[in-house]
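Comments concern the structure below.
The values are calculated or read from the model by the stated rules, or taken from the named source; none is laboratory data. On a predicted model such as this, the values are computed, not experimentally measured, just so you know. Every residue, glycine as well, gets a Cβ built from its backbone with ideal geometry; the counts of neighbours run over all protein chains shown. When the accessible area is computed, the model is the full protein with side chains, heavy atoms only, and any ligands, DNA or RNA have been set aside. Shrake-Rupley method; radii C 1.70, N 1.55, O 1.52, S 1.80 Å.
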Amino acid sequence: TYKGLCLFHLKHFEDSLEIFKRILQIDKKKIASYYYIGLIYDNLKDYKTAIDYYRIFEKYNGMNKNFRHRNWIRRRIMILQRSLK
């Protein structure tokens with residue numbers, strides 16, 4: 001996860017995406033990976049795919065108040081949906 005995050009912050013989005021997808025192949029319960037994959041697709045301007053991954057994250061995360069980006073994701077999904085219309 002940390003390697004994927006480092007690559008993300010260095011704007012090596014494709015490499016970061018590969019790492020997070022590999023994490024999910026190993027363990028589908030690493031739900032933060034869905035968030036990071038959504039964030040990567042958001043930065044790559046593939047908004048439909050970003051929304052899909054954000055929604056998967058929300059579904060598995062539920063109402064986990066410990067995740068600080070929960071409200072940001074909801075707002076971001078609404079913004080992206082408007083831009084797709």
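Structure above, values below:
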item: Estimated FRET transfer efficiency (Lys48, His9; beta-carbon r; R0 30 Å; 0.05); result: 0.80
item: Computed [θ] at 222 nm, helices only, for the chain once each DSSP H run of length n ≥ 4 contributes -39500 (n - 2.57); result: -24000 deg cm²/dmol
item: All aspartates and glutamates inside 15 Å of Lys3 as judged from Cα atoms, apart from same-chain residues fewer than 8 positions distant; result: Glu14, Asp15, Glu18
item: Largest-first ordering by accessible area, 1.4 Å probe, given options Tyr35, Tyr47; result: Tyr47, Tyr35
item: Kirkwood Rh in Å, taken over all unlike Cα pairs in the chain; result: 12.9 Å
item: Across Lys11/Lys48; Lys21/Lys59; Lys29/Lys59; Lys21/Lys85, pairs whose alpha-carbon gap is larger than 22 Å; result: Lys21/Lys85
item: Point-charge dipole on Cβ atoms (K/R +1, D/E -1) for the chain, about Cα centre, debye to 20; result: 440 debye
